[in-house]
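What follows is calculated from the coordinates using simple rules that are stated; it is not laboratory data. Nothing here was measured: the structure is a model prediction, and the numbers come from that model. No Cβ is skipped: glycine too gets one built from the backbone with ideal geometry, and neighbour counts run over all protein chains shown.
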Amino acid sequence: MLIGGGLVLLPLTALLATALSAPGSAAIWPHLAAHVLPTALAQTLILLGGVGLLTAVIGVGTAWLVTQYEFPGRRTLEWALALPLALPTYITAYIAVELTSFTGPLQTALRALTGWRSLRDYWFPDMRSLPGAIVIMALVLYPYVYLITRALFGLQSASIAEAARTLGAGPGRLFWRIGLPLARPALAAGLTLVLLETLNDIGATEYLGVRSLTLSIYTTWLNRGSLAGASQIACVMLLLVIGLMAAEARMRGQRRYALPTRQSRPVARRRLAPVAAAWAALACLLPVVLGAILPIGYLLAEIVQRDLVVQLDGALLRQLTTALILSGSAALIVVALGFGIATALRRGREPWLRPLARIAGLGYAVPGTVLALGLLIPLAGLDNLVADLARRWFGAETGLLLIGSGAALVIAYVVRFLTIGMGGVESGLARVSPRIDDAARGLGARGPEILRRLHWPLARGATAAAALLVFVDGLKELPATLLLRPLNLETLATTVYGHASRGAFEDGALAALLIILAGLYPAMILTRSGPAHGG
């Protein structure tokens, strides 16, 4: 608990100090409050509301369909629905604009079929807009909701559903009165992750023309050269995140839904009639096609047309290995810290535990660039201290152990994604009644044994989902990687960024595809072997 809170407080303290004490900080705030924050805050709130609503509809709806009903293609769609999780939002935004632009394949084919010549002859949605950003980001982020709610739907006891049907509850009432309330902790955790990810996005929102708070931080810092102003806007973002996390706690409420002590019988899927089955399959297929198949197909076409396979050399494989090691290390540390924090909250009665846990979850709200700057000064100071002590005591030169080795990147990923581990573990443990813990202790079981034999088996599915989310997000993380990586370290994300910054995103299609493929495999393994999977 103290480690998690300390890791987050370190950059946040540096951020707050910069916002309050940097030269000229007092004179910057009136300008920001009058000319920057109103538009940025309004567009950010609209973006959050739209993405949250759309991801909830897609994620919960598809999770309910694949766990409660039988229809053609269900087994394949059950794991395929998680595939968009592997795609970075900025890559999806680039591809969506390319596909839907006036010279893109969709509008070109439409004009060829209809004989239309210009936009005066027809209307076509513009992806470079706030509604376009909402749709694109929702198609990428809905698996955050789908994975966790699907795991909870799959664990619900068949006896509850059968009792409800015996009392005359139809499919709609069964969903609204039984399924959704039982999955409320998972839905709250998933939506919070979606909204925090939306709030932290910079690549997609900038490219699609949305003036979000995160973009305002970048422009204030890079274009105006005002780190103090950027830090002040980041503090406003922190207030917004505190509001989101408070809303999550309120949405979860005080209810706790516990699993029975014996293994419950899973819900038997109901076979749908042909017409209803076709609609269910289409509802589950559309997010997969729009969020994964089309973008991946575009990248494959670019790779073939441009003969980019020749880029698959030793250098690119080293970048892939580096990204896998950094992301995998961060995922393991995050899950371990998440379990420690969730267990401390469950067992402890100290009043300071819950506020400290909330502080540990704030790292997800800090933009990657601001987080990197907040970590850079203390980590560099620690590196210099260690180097001085090694030189004085042993006569050895250690260099920059943290910043020079890539360890600083792992620390940044852990701070950034710690709330994912906390949310996943908490949603799993929420289904274990505290009375079961008391009974286990009464029988002589100690903490490690309770964790191994009780908590871990019941929270394993949600914890695995959390580890997957951290791993994939680490692969896609760009701003912190650019600032904290050593000069001799390249990842796939920095390679894609380098091509995009030169106006040649298509040349980075192979690296972008490798990022996606690295996340696709664990997504498929998780959804095919998770607790919701069944016959």
(message) What distance in nm lies between label points placed 7 Å from Cα along the C-beta direction at R502 and W456?
(response) 4.8 nm
(message) Whole percent per 10 Å bin, from 0 to the bin with the longest distance: what is P(r) over all C-alpha pairs of the stretch 286-429?
(response) 10, 23, 27, 25, 11, 4, 0
(request) Collect residues whose amide H, placed 1.01 Å from N in the peptide plane, falls under 5 Å from the amide H of R270; neighbours closer than 5 in sequence don't count. (result) Y69, E70
(message) Please list, in order along the stretch 470-486, the HN-Hα scalar couplings obtained from phi with the Karplus expression 6.51 cos²θ - 1.76 cosθ + 1.60 (θ = phi - 60°), rounded to whole Hz, x for Gly and Pro.
(response) 5, 4, 5, 5, x, 4, 8, 4, 10, x, 5, 5, 5, 8, 9, 6, x
(request) Could you sort 235-244, 511-520 so that the peptide with the highest average Cβ count within 10 Å comes first and the rest follow in order? (result) 511-520, 235-244
(message) Suppose each label sits 7 Å from its Cα in the direction of the beta carbon; what would the D121-T39 distance come out to in nanometres?
(response) 3.5 nm
(request) Could you give log10 I(q)/I(0) at q = 0.21, 0.25, 0.27 Å⁻¹ for the stretch 45-113, computed by the Debye formula over C-alpha point scatterers of equal weight, without solvent? (result) -0.98, -1.02, -1.07
(message) Using a Förster radius of 35 Å, what is the FRET efficiency between T108 and V57 based on their Cβ-Cβ separation? Nearest 0.05, please.
(response) 0.65
(request) Mind pulling the per residue volume of the convex hull built on the Cα atoms of the stretch 1-117? Å³ is fine. (result) 239 Å³
(request) Mind computing the radius of gyration and Dmax over the alpha-carbon atoms of the stretch 269-359? Å is fine for both. (result) 23.1, 62
